[in-house]
Structure formats: structure tokens, C-alpha cells
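What follows is a short report on a single structure.
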Amino acid sequence: MLSGKELLISIIKPALSTLDNNQIQQIAFDNAELNTFLNNFNHPEDIINLTESALNNLVNNLEPLEARNYFLGNIKFIKGLAELAKQNQTKLNLNKNQLLNLEELKELIKLTISRNEYNIQNAKEKSENQISDYRKILGIVQKEELFTENDYNIIEKIVRSETPNDVDNNLDKIYSFVNEFNARKLSEIYTGIKEKQYIKPNITINLTPIKLIEEPEEVIVTERIIEDYNKEEAIEEIEVTPLNFEDTDPFQDIFSSINLRKKKPSTKLVDAEHTQKLKEILSYLGYNYDILEDELKLKLTSEDLTKMEEFAKYLKEENKVILSKIKTNNIYSSIFILTKSSKQRIELILSTLYNYFGIKSAGGELFKIVNNATTIFSEQGCQNFVENAKIFKQYNVLINNIIDKNINFLHIDNEELLFNIDLLINYGADISILIDKCNLSLYTHNSFNSFSSLIKKNLDVLKQYCFDLKLFFEEKNSCYTILNSVDLASKIDQFIEVGLNEFIHSNSKNSGNILKTLIIKRIYYAYKNKMPVWENINIEYKRLKDCNFGDEDSRLTFQEFNQLKKYIKDEDSIINESEINMIKSDYSIMELIDEGNRPAIYSNSPLTLIKRKLELIFDTQIISRPKAFRVFKLLMADGFNEKQALLYALVYNSILEENEFIFIKNLVERMGVEKKDDELFRAV
Amino acid sequence: MMNYLEQFDITEEDISLLKQNLKPDVILNFEVMRNNVIEVLTYLKELGVANLLNVITFRPDLCFRTVHTLEQELIKIDKELLLYIFNNTIDDLTNFNI
């Protein structure tokens, strides 16, 4: 029997001399013959036209190996019956199984023809590359160089191409040789000790120090490692560190170079075998392992390959629907399903889709789910989806809209969804419409949000800004999209500051739609006039950069100012009336501002109350009161001095004329100069 | 495994920030469904969207739509206005039913 090395050479050498047009011509001839037969194969009797050699070649394409003889026997038997019928001039009667066999034969012929056509098409283009690959591998074998990952692929191609009838056996032998060769070579590199090929494997460590000094190359340490290696005990290994015979005293410390039973994650040999197995599994599913990035390759090293292989068979042969929906280039989704899903999860998801929403494999929905919501097939994803499906069904949610617009909403955290639905039900909201229009806010994708969800935050914002939530959810549902705004409070602040507070709340049954219309109009206006929509950071910085109230250290660069704005924006806190009162009691400067600058309208009408709650008046300019307190609180927490924090809070995001800014700045500057009572009196 | 985003002028530092800011399951989506993310971001880049980092941060859902579906949605709005919203106030895309 040939060794792996001899086998590889015996495959490559003849192939190098026969890779010419003869092969292509032979394939073309075979194809012509098969085409002619197929075109004339209209009745079962026509089977007699199939030649013996063509039949044998066809059957060689059958997998698995065991099925070949059985299928060949059946076809030959049918052919015999057909010949007998022809001789006796009788009708050929076949049973169902035999007719099925003929249909299978037709399929096999079609498959073989298309494979041959592909080979013919590519043979000429590839021949040069192939020859170069063949020579490369032969060179590596002869020069005893290290085989790289890419070489494994080339070897596989060569073996498949040259010995199609015995691919598995030949690959086994050759890979065993390559793996052992590589392991030996790597060990040599790793230990720095070169072993001699002819030394018997039982020789272990030569402990005679004199010999070590004289002939260090003779010490066969690595051979022993490979000999002793046991797959079952891969964790317990021997680590060998290079011996430096010149610097150390070998008598004294010879064992220090050998560290027995030290835990080591893996060896090159194990890695190579593992990688090879992974390649085979992915190749079986039609993917190339080599294109994966290193990080993913590393993750895959910890996978249970036996389990993965079984699951790959299930995907390829038992339940083909998932694999058939994955885009051909979507290797990452395939790997995710292969490693993180299971037969039970797939079946559960498919049955849930069908039973709850009537989604079958034929429509485009499953295609989108498999490719764009692959993570649904994980344990957590599947669990969430099954629970969420009940909610979607209960509230008649339009599942196709979710699939089209926010497909991963299908498997968002079920507890979070339930919490938000409970919250919304309290206000009489239509859950189906809300899921359709506000799915963005029903799930928080940012981890820094202090709120359980954006919708919870925005409901609190609307409450703080005096919207009646029950009336809001009775409005035309187009306004619900404002609940998806990340920074809704700032937008309302801006409308308050341009004097639209009263307008927004003029009709409480339509406040939501008025707000949405204002947002859209503002965007159009800014777009038409080529202006920023919600803020002008350059002007704001230009005005504020010198306002440090004598504290030179607090002067901010533009970058720092930008970071400060981001900090305020990201710190998505909102503030309620009791917190405002606490701030006022802690900082008299805020009490003065609040008492001195709220609208002095003595009426108890709802609009008056809203204005007093939401506005501060500075000459002709309105400043949002919740904004001023919210930003002041954040800036104080960030270490600002009171006056600076107050000024920054008042003008934060405000679009002010120069004189309006100066008015506010002067007011803040003067604060604390006079006594508190005088200040109050002057303000009133 | 989100380094593929670098082809869209998103720096290593940005990616590291994204990993801090986005929830783990959203990051996993970006890792696993990268083929679609690449298709969508390529389409948006060709359309003229300048700040793709904002798209990922504020509208990750867009990255998991098919390009075809997204295109059908976006063509309903004037292109210049659409780009203005994308580049200036992406948060408000939702108010234009996107």
C-alpha cells in the first residue's frame, strides 16, 4: 500500500503529463453522447441505447458510495428487461420503483452533463493555474517545506480532480501525511531541534550530557511528543522549551527544559486536524473556509465538530429549506446557524411562522428572515420570537411590515416588549399601530440609555411638556412617529423658544399632530435656507467661549465644547417639578432666575399654567424652563461654576440674536452682586 | 468582527465606540448579517449619505432591510431633501415614514 506521500506524488506526476486537450475532448465527447441519449430517451424502452461505459461513468457520480452498486444493478436489470422485450417484440412493463429509477437516471444524466459543461468551460482557463498548483505541491513535497492552509485546498482540488472515484480514502491518507509532516516540521521550528528521519521512534531523551553538548541535534524530543500524543488527552501535554547548550549547565538543569503536564490550549497538529475538519464541513455546505477572517476562525476552534457535522447533514439533507434560502455568498449566516442553532429551534421557528402567520417557505419572507435576521435562530432569538409571535398574533400586528422595515424586531427581548406594551395599554394606545409605526422606540438598541426604552422616555417627555397622553393616543396615528425621536425634549424646547408653545397646546386633541407638522416644517425651512435644523454649534461656541466669569481654567476649546454638547445630549435625563424645586433650594441662583423670569400672567387657564411651567422670559426671548434646569443640573454635576452653568444652560441649543444673548449674559453676570431680595424685587 | 465597516470610512476608534454604545445583540446582528449591511451601506454611500456612522448608531434597522425594500422607501422623497435629512437630522427620518 502506498504511503500518503507516495500517493500524492503518484497522483501529481502523471497528472502533470496528461493535463492536455485530450481530457477536454474526452469530456466533450462524453457529453455529446449523453445529450444524444437524453434527447432520445422518451420511453422506458429507450434505455437500451445507453452504453455500458456511459452507465458506469454516470454511476460514478453518485453519492454515497454504497448507493452506486445498488443503483447500477437496478438500471442494468431494467436495461435487460428492455432488451428482452425488444427481442420478443412485447411491451415493456415496469413497476413504480423501476420507473422512478429511470427518472433518477435522467436527473443523474442532466447533472453529469452540466458538471461536464462546467469542466469544459473552465478547463482551458484553469489549465495553466492548475499546472502551476500541481508543480507547487510537488515542489513542497520534494523540498520538504511546510504546507500552508492554502496548500490543503490545492491538494483537495488535485485529489478530487485526479481520483474522483476514491476521493475520501486518498484525502485521508494524504492529509494524514501532510498533518504529520507539518506537525514534525512545526515542532522543529518550535523547539529549534531538528530530528533525523531515520531515528527509531522509541528513542526518547538522551540524558547523557556529554553527548548533548557534542551532538545536540541527536536529541529526539519532538518525536516523543508526537509518539505520545493522544487525542483523548489533548489537554495534558508536554511542553518543551529550546535547550541552549552554550549558556547553561546541562548537568544541573536538564529537566527544566521539559515541563511535564502543563496545560496548553492546543497543538499545531490538533489545530490542523480541526481546521481540516471545519473546511470539510463548510465545503460540504458549499462554502470556503479560507475567506473567513482570523477572529471568526479562532472562534470556530472551540466548536464541537461532531455536532456541527451532524447538523450540517441535517441542513443539507433532511430539512433543506433553511440552507436553500441562504444567499450563496452569505457564509456568515450559514456559520451562525451551523454553530448557534439546532434542529429543534429551526423546526420551532418554521412552525411558528406557519401556524401564527401562515408564512411558508415559498414566499420571500423566510428568505429575508434567514439572511437578514439570522440571529433569530440562536437560543435566545428563538425563545424571544416564539413568545413575541403570541403578542403579534394577539394584537393583529402586520407581520410583513415588521419583516420589511425592522426585521430584527421579530426577536427583540420579550420582557422589554411586554413591559412597553403594558405601559402603552394604560394610555389606551392601539398596540398594532404602535408596533407598526414605533417599533424603533419600542426597543432600545443603545446600551447607554438610562431608560428601559425610548418610548418610555418619550412618554415621560410628553408628560413633562404638558401633553395629555390619553388624548395623544386618540389622535390621527401619523403623529406617533415623534415617539421615535432620540432627542424629543430638545425639539420641543426649540419650539417653545420661538414662541410656539401656546400654538402647540392650543388644541389638546391635536397637539401631537401639530408638533409633528412643526418638526417637518422646520426641516423643510432649514433645508430650503441651507441652515442647520436644530442647532448652530459654531455660533453658540463663539459666544460662550469667553464667558468664564473670571475662571480662566474653565475656558473650553471647540472640541471640548462639542464633547460637552454631546454629553448633555447623550445624558438623556428628563426633569420633573420636584427635581426643579430641589435644584432651586440647592442653588439660590436658580431660584432667582425661576422666580424672576417665569411669565407673570395671573390666570388659572390651562394655557397659562403650561406657559408658567415651560417658559422663562428674558426681555423678548423665551427660554425653555425644563431645558434650563435639566442642563444646569448636568453641568453642575460636571463641575461647572454656578454662573457659567446657568449661562450655558439658558443658551444651550437656543437660536438667539446677538442682543438677546447679551441681555441674558449681563443678567447672569449681575446675579449675586445684589442681595437676593433686591434681585427678586428687580426681576418682578 | 465589525472591522469590515472600515471600508466605509468608519475608523477603528469609531468601531470601538460602537461596541460600547450598541447593545450586544445589535452588535451580533452587525457581525452575522454583514453581507446585507455592506450592501445597504454601499447603496447609501453611492446615494450620497455622508455620515454612515450615524446610520449605524441611530438607525441600525436600516442596515438590515434589503436594498430593494429600502430603495422603494427612499425614492418616495426628493433626493436632495432625503440626503439633507440623512446628513443633518437622521433622527427625523422616522417622521418622513422611513
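Below is a table of values for the structure above.
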item	result
Enumeration of residues in the range A:63-77 that are at pLDDT below 85 and out of contact with any Asp or Glu (no Cβ under 9 Å at 6 or more places or on another chain)	A:Glu63, A:Pro64, A:Glu66, A:Ala67, A:Arg68, A:Asn69, A:Tyr70
Failed condition for A:Ile322, given (1) within 12 Å of chain B (Cβ to nearest Cβ); (2) buried (at least 20 other Cβ atoms within 10 Å of the Cβ); (3) of a type outside the set (Gly, Ala, Ser)	(1)
Hits in the range A:591-608 - residues which are out of contact with any Lys or Arg (no Cβ under 7 Å at 6 or more places or on another chain) and in contact (Cβ under 8 Å) with a residue 40 or more places away in the chain	A:Ile593, A:Glu595, A:Gly596, A:Asn597, A:Ala600, A:Pro606, A:Leu607
Counted residues, the range A:463-480 - those being within 14 Å of another protein chain (Cβ to nearest Cβ) and surrounded by fewer than 23 Cβ atoms within 10 Å (Cβ to Cβ)	4
Every residue from the range A:83-116 that is among the hydrophobic types (A, V, I, L, M, F, W, C) and over 57 Å from the mean Cα position of the chain (by Cα)	A:Leu84, A:Ala85, A:Leu92
Of residues in the range A:406-416 being in a helix (DSSP H, G or I) and in contact with a Leu (Cβ under 9 Å, 6 or more places away or on another chain), the one surrounded by the fewest Cβ atoms within 10 Å (Cβ to Cβ)	A:Glu416
Count of residues meeting criterion [more than 9 Å from every other protein chain (Cβ to nearest Cβ) and surrounded by 16 or more Cβ atoms within 10 Å (Cβ to Cβ)] in the range B:64-76	2
Cβ-Cβ under 8 Å pairs, at least 6 apart or on other chains, the range A:659-672 side assigned by TED's automatic domain parsing to the domain that holds A:Gln621 and more than 11 Å from A:Cys547 (Cβ to Cβ), far side outside any helix (DSSP H, G or I) and among the aromatic types (Phe, Trp, Tyr)	A:Glu660/A:Phe618; A:Phe663/A:Phe618; A:Leu667/A:Phe618
Single unsatisfied condition, A:Lys327 versus (1) farther than 22 Å from B:Cys63 by Cα; (2) within 18 Å of the chain's Cα centre (by Cα); (3) within 14 Å of chain B (Cβ to nearest Cβ); (4) surrounded by fewer than 19 Cβ atoms within 10 Å (Cβ to Cβ)	(1)
Only listed residue being charged (D, E, K, R), more than 12 Å from chain B (Cβ to nearest Cβ) and under 30 Å from A:Lys566 (Cα atoms), chosen from A:Asp487, A:Asp422, A:Asp430, A:Asp460	A:Asp460
Candidates A:Ser441, A:Ser452 - the one that is buried (at least 21 other Cβ atoms within 10 Å of the Cβ), at pLDDT below 95 and either within 9 Å of chain B (Cβ to nearest Cβ) or not in a helix (DSSP H, G or I) (or both)	A:Ser441
Residue that is farthest from the other protein chains (Cβ to nearest Cβ) [pool: residues in the range B:4-31 that are of a type in the set (Ser, Thr, Tyr) and either closer than 13 Å to B:Cys63 by Cα or surrounded by fewer than 12 Cβ atoms within 10 Å (Cβ to Cβ) (or both)]	B:Thr11
Members of the range A:365-394 that are closer than 18 Å to A:Asp422 by Cβ and surrounded by fewer than 16 Cβ atoms within 10 Å (Cβ to Cβ)	A:Lys390, A:Ile391, A:Lys393, A:Gln394
Failed item in (1) without any contact (Cβ under 8 Å) to a residue 40 or more places away in the chain; (2) within 10 Å of the chain's Cα centre (by Cα), with B:Pro24 passing the rest	(2)
Lone qualifier among A:Lys340, A:Lys279, A:Lys320, A:Lys327 - being modelled with pLDDT of 85 or more and under 30 Å from A:Phe181 (Cβ atoms)	A:Lys279
Near pairs, Cβ below 8 angstrom, 6+ apart or cross-chain, from the range A:423-434 (part of a loop (DSSP other than H, G, I, E, B)) to any residue that is polar (S, T, N, Q)	A:Asp430/A:Asn477
Qualifying residue in the range A:389-405 (condition: farther than 20 Å from B:Val32 by Cβ, free of Cβ contacts under 8 Å to residues at least 40 places away in the same chain and within 12 Å of chain B (Cβ to nearest Cβ))	yes
Helices (runs of 4 or more DSSP H) (entirely within the range A:534-611) containing at least 3 residues that are at pLDDT 85 or above and among the acidic types (Asp, Glu)	A:577-586, A:588-597
Filter result for A:Ser490 (without any contact (Cβ under 8 Å) to a residue 60 or more places away in the chain and surrounded by 18 or more Cβ atoms within 10 Å (Cβ to Cβ))	no
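Residue-by-condition table, conditions (1) charged (D, E, K, R); (2) under 13 Å from the mean Cα position of the chain (by Cα); (3) modelled with pLDDT under 95:
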position: B:Val37; (1), (2), (3): no, yes, no
position: B:Tyr43; (1), (2), (3): no, yes, no
position: B:Ala50; (1), (2), (3): no, yes, yes
position: B:Arg59; (1), (2), (3): yes, yes, yes
position: B:Phe64; (1), (2), (3): no, yes, no
position: B:Thr69; (1), (2), (3): no, no, yes
position: B:Gln72; (1), (2), (3): no, no, yes
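This table checks each residue for (1) out of contact with any Lys or Arg (no Cβ under 9 Å at 6 or more places or on another chain); (2) aliphatic (A, V, I, L, M); (3) not in a helix (DSSP H, G or I).
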| residue | (1), (2), (3) |
| --- | --- |
| A:Phe467 | yes, no, yes |
| A:Leu471 | no, yes, no |
| A:Glu475 | no, no, yes |
| A:Ser478 | no, no, no |
| A:Val486 | no, yes, yes |
| A:Gln494 | no, no, no |
| A:Gly499 | yes, no, yes |
| A:Phe503 | yes, no, no |
| A:Ser506 | yes, no, yes |
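The values are calculated or read from the model by the stated rules, or taken from the named source; none is laboratory data. Since the structure is predicted, the reported quantities are computational estimates derived from the model, not experimental observations. Backbone-built Cβ (ideal geometry, glycine too); neighbour counts: all protein chains shown.
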